[in-house]
Amino acid sequence: MGQGATPLKGVRVSFGTAIELGLIDCLQKDAPTTAYLFLINNGCRGKCAFCPQSIGISKNISRVSWPEFPVEEVLKGLRKNRRFRRICLQCADEEGLMNWLPCFVESLRDKTDIPISISMPPAPHEDLRVLKVAGIDVLTIPLDCADEELFRRVKGRDWGSHWRALEKALEIFGPNNVGTHIIAGLGETERDIVNLVSKCHRIGIMSSLFAFTPIMGTPLWGRPQPDLRSYRRLQLARELIISGRATERDFTYDSLGRIVSINICRDEVEDVIEEGEAFMTRGCPSCNRPYFNEKVTGPIYNYPRKLESKEVEEIRRELFGGFEGLKV
């Protein structure tokens with residue numbers, strides 16, 4: 001830590017990351033390819049209705065446990081590890097974050113040359129420049145919600161200020177080095193998410209899609225996870241857009257805003273399905289977030305690994321089978 005900097009009390013490490021770092025002795029089905037660290041000192045000011053951090057300091061983000069370890073133990077584990085391809089810092093929204101965050105990033109840079117991403121609340125322009133100089137190469141500011149009204153109700157924040165922060169981040173980090181998260185299942189329509197993904201893609205913001213996960217004690221605890229068929233349509237739509245195969249104008253919707261047809265060549269769609277990457281975790285480079293929004297036993301929303309042929313066939317049935325099947 002730099003002289004005069006507030007010390008970071010400890011680092012919360014995702015359970016899977018802690019296993020890979022040798023901090024926990026346990027077996028796991030699919031190991032993370034990114035080291036996920038959660039940085040929080042005094043609690044989060046955010047009131048996101050889906051997040052356990054909104055009801056006090058919790059060991060969980062989404063359904064994943066994040067035990068705390070001393071900073072030096074985490075740094076030592078990262079220095080010895082050769083499997084991680086990226087470090088992802090996830091920051092609570094707390095006062096004084098910048099008093100210690102740049103120093104922690106510099107400590108990471110001293111111990112490893114692994115690329116570092118950060119997910120954080122909106123920050124002043126000058127703070128983003130400090131983080132880039134310290135060693136951050138990809139910055140994410142989560143929107144989570146797909147439209148302004150939902151954003152106000154679920155997160156209780158100002159939509160415009162988040163967008164201005166994303167635009168400022170683009171100036172500093174450049175296109176495709178800035179990202180945002182979109183959570184499906186909060187009350188939006190599929191059309192809302194397609195339009196948001198398309199807007200982000202046009203201006204160079206990477207969008208990562210996640211499924212809402214109900215967590216006991218949070219205001220949205222009683223809400224179900226999104227329908228799996230609906231989520232598959234959104235994953236397919238996102239991949240078609242970011243790969244340049246489609247734009248938002250190529251999608252047709254029913255009266256409930258659900259995708260019913262895609263006006264592109266069927267072969268293009270089949271290529272995306274066969275490749276399978278659309279249905280894996282799609283975020284920063286090397287991010288796979290194993291079982292972040294699903295149980296190991298399924299159903300799987302975002303696969304943390306390459307799909308098996310039988311899984312590809314199941315997804316094809318989810319997309320095209322039955323009365324609600326897509327028309328292409």
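Readers should treat all values here as calculations from the given coordinates under stated rules, not as data from a laboratory. The model shown is predicted, which means the values in this text are computed figures rather than measured ones. Cβ coordinates were reconstructed from backbone atoms using ideal geometry, including for glycine residues, and neighbour counts include every protein chain displayed.
A few points about this structure:
- Positive-end residue, the range 11-320 charge dipole about Cα centroid, Cβ charges, pick of V138, F173, Y291: Y291
- Look at I205, I300 and count the other Cβ atoms within 10 Å of each Cβ; fewest to most, that gives I300, I205.
- Under 5 Å, built H, 5+ apart or other chain: amide partners of M206: N176, V178, G179, T180
- Size of charge dipole - the range 11-320 - debye, nearest 20, with Cβ of Lys, Arg +1 and Asp, Glu -1, no other charges: 440
- Cα→Cβ-extended label distance, 7 Å offset, between R152 and T247, nm: 3.0
- Cβ-derived FRET efficiency at R0 41 Å, K327 paired with N81, nearest 0.05: 0.30
- The chain: relative contact order in percent, alpha carbon pairs under 8 Å with at least 6 residues between: 16
- Pairs over the 25 Å Cα-Cα cut-off, from the set K29/K80; K9/K80; K47/K76: K47/K76.
- Taking amide H positions as modeled 1.01 Å from N, with prolines and chain starts lacking one, the residues under 5 Å from S261 and 5 or more places away or on another chain are T252, K327.
- Computed log10 I(q)/I(0) for the range 45-186 at 0.19 Å⁻¹: -1.30, from the Debye equation with unit scatterers placed on every C-alpha and solvent omitted.
- Neighbour cut-off at most 10 other Cβ (10 Å), DSSP loop, trypsin sites (Lys or Arg not before Pro), the range 1-93: K29, R82, R83
- Rounded to the nearest angstrom and listed largest first, the equivalent-ellipsoid semi-axes of the range 11-320 from its Cα gyration tensor are 30, 22, 19.
- When the Cα positions of L186, G77, L150 are compared along the charge dipole of the chain, G77 comes out farthest toward the positive end, with charges on each C-beta of Lys, Arg, Asp and Glu.
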